[in-house]
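So the structure is just underneath, and the comments pick up after that.
The values are calculated or read from the model by the stated rules, or taken from the named source; none is laboratory data. Everything quoted here is computed from the prediction, not taken from an experiment. Please note: Cβ atoms are built from the backbone with ideal geometry, for glycine as well, and neighbour counts cover all protein chains shown.
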Amino acid sequence: MPVLRVPNLGEVDLSAVLGLELTAAARRRIVELGQRIDQLRLAPQEPSCEPLDWLELALEVWHASDSPLLVTAAAEVACFCPTNHNMHTAGESEWPVRTENELLNALDAAVECVAAWARRGASPDEWRCHAGLPGRPGA
């Protein structure tokens, strides 16, 4: 299925995509939260000897098997295990959603979670250490 990219969240039929009936006020609030996420930027890092290292902060809303929707916030770092499986989750929170009010509360919490992680810093090595994950070889 091709991914649809739109210039702004306000142009998405959120009720159809999410499968929840949303009031106009809820749609406006979701657009505001989307704009807040768009404004979060991690500080640029100095180039290192390992160009494939990263920290990725994610906020996802997806259809789950045990609830209509699940909102997930995650911090992910590049993997340096002997068997490279690409990345590790170094931090994660999730909120099951069944109603418009639960969706707004979950999105508020997820945005705050991602914002707090962004304020914490972008060093993948520090995130790995905090999560007890294997470090970069030679780091």
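Results, tabulated for the structure shown:
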read-out: Lone unmet requirement of (1) within 15 Å of the chain's Cα centre (by Cα); (2) part of a loop (DSSP other than H, G, I, E, B); (3) not charged (D, E, K, R) for Ala73; value: (2)
read-out: Near pairs, Cβ below 8 angstrom, 6+ apart or cross-chain, from the stretch 93-112 (surrounded by 19 or more Cβ atoms within 10 Å (Cβ to Cβ)) to any residue that is polar (S, T, N, Q) and part of a loop (DSSP other than H, G, I, E, B); value: Val97/Ser67; Glu100/Thr23
read-out: Selection count where residues are part of a loop (DSSP other than H, G, I, E, B) and in contact with a Pro (Cβ under 9 Å, 6 or more places away or on another chain), scope the stretch 76-98; value: 5
read-out: Subset of the stretch 15-26 that is surrounded by fewer than 17 Cβ atoms within 10 Å (Cβ to Cβ), assigned to a helix (DSSP H, G or I) and of a type outside the set (Ser, Thr, Tyr) - its residue that is nearest to the chain's Cα centre (by Cα); value: Val17
read-out: Within the stretch 70-89, considering residues that are farther than 28 Å from Ile37 by Cα and surrounded by fewer than 17 Cβ atoms within 10 Å (Cβ to Cβ), the one modelled with the lowest pLDDT; value: Asn84
read-out: Any chance Ala116 is assigned to a helix (DSSP H, G or I), of a type in the set (A, V, I, L, M), under 24 Å from Gly135 (Cα atoms) and at pLDDT 90 or above; value: yes
read-out: Total residues in the stretch 88-121, condition more than 25 Å from Glu21 (Cβ to Cβ) and more than 14 Å from the chain's Cα centre (by Cα); value: 3
read-out: Residue pairs meeting the criteria (Cβ under 8 Å; at least 6 apart or on separate chains; first closer than 19 Å to Gly138 by Cβ, in the stretch 36-65; second surrounded by 10 or more Cβ atoms within 10 Å (Cβ to Cβ) and at pLDDT below 65); value: Leu55/Leu42
read-out: Sole exception among (1) of a type outside the set (Lys, Arg); (2) more than 30 Å from Ser15 (Cβ to Cβ); (3) surrounded by 15 or more Cβ atoms within 10 Å (Cβ to Cβ) for Leu57, by number; value: (2)
